[in-house]
Amino acid sequence: MPWLTAPQTTPYKYLNGIYSQLVLFGLFTLVVVLVPESPAWLSEKGRHDQAKRSLGRLIGRVEGYDIEHEYAVLLAATQQSEALVRSHGNSDWRAVFKWINFKRCIAATLPFTYQNFVGSPLVFGQTT
């Protein structure tokens, strides 16, 4: 009579989900450790030697590749970007209420708003 025997339980079965997340966390940590810092970020911080090493590590050993020229282009782009930021002055959250920025804000949020109006969350939430 199998219906009279005690059921087999596995009280620690829930740990499988936790272990699977730990695998993904381990892979992410490995990528973070192995990927070098961004050469653009290093050049912004004034660490030029580290930026060149990082650029060389990202590109690898490509025959005929001139790291000095590539870094000069990167540095010029970084300096131009910093000059552009300085020319616009300090911008804060009130800049959204200027008319041109307000129009951009509305244009960026309308697609997500329309998705709610047409019922996408209802449709995608109920598909199983």
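Side notes on the structure shown:
- Residues located in segment 82-128, provided they are of a type in the set (S, T, N, Q), open to solvent by 80 Å² or more (accessible area, probe 1.4 Å) and more than 25 Å from the chain's Cα centre (by Cα): S87, N90, N116, Q126, T127, T128
- The residues of segment 21-52 that are more than 22 Å from the chain's Cα centre (by Cα), free of Cβ contacts under 8 Å to residues at least 12 places away in the same chain and part of a helix (DSSP H, G or I) amount to a single one, D49.
- Flag if L122 is part of a helix (DSSP H, G or I), out of contact with any strand residue (DSSP E or B) (no Cβ under 7 Å at 6 or more places or on another chain), modelled with pLDDT under 85 and more than 30 Å from L34 (Cα to Cα): yes
- Qualifying residue in segment 72-81 (condition: loosely packed, with under 10 Cβ neighbours inside 10 Å, over 25 Å from the mean Cα position of the chain (by Cα) and part of a helix (DSSP H, G or I)): no
- Members of segment 53-71 that are assigned to a helix (DSSP H, G or I) and either touching a strand residue (DSSP E or B) at 6+ places or on another chain (Cβ under 8 Å) or acidic (D, E) (or both): E68, E70
- Selected residue (criterion: farthest from A51 (Cα to Cα)) from residues of segment 20-39 that are surrounded by 10 or more Cβ atoms within 10 Å (Cβ to Cβ) and β-branched (V, I, T): T29
- Among the residues listed as L84, L110, the single one being more than 30 Å from E44 (Cα to Cα) and not polar (S, T, N, Q): L110
The values are calculated or read from the model by the stated rules, or taken from the named source; none is laboratory data. Just so you know, these numbers come straight off a predicted model, no measurement behind them. Every residue, glycine as well, gets a Cβ built from its backbone with ideal geometry; the counts of neighbours run over all protein chains shown. SASA here: full protein model, heavy atoms, side chains in, ligands and nucleic acids out. Shrake-Rupley method; radii C 1.70, N 1.55, O 1.52, S 1.80 Å.
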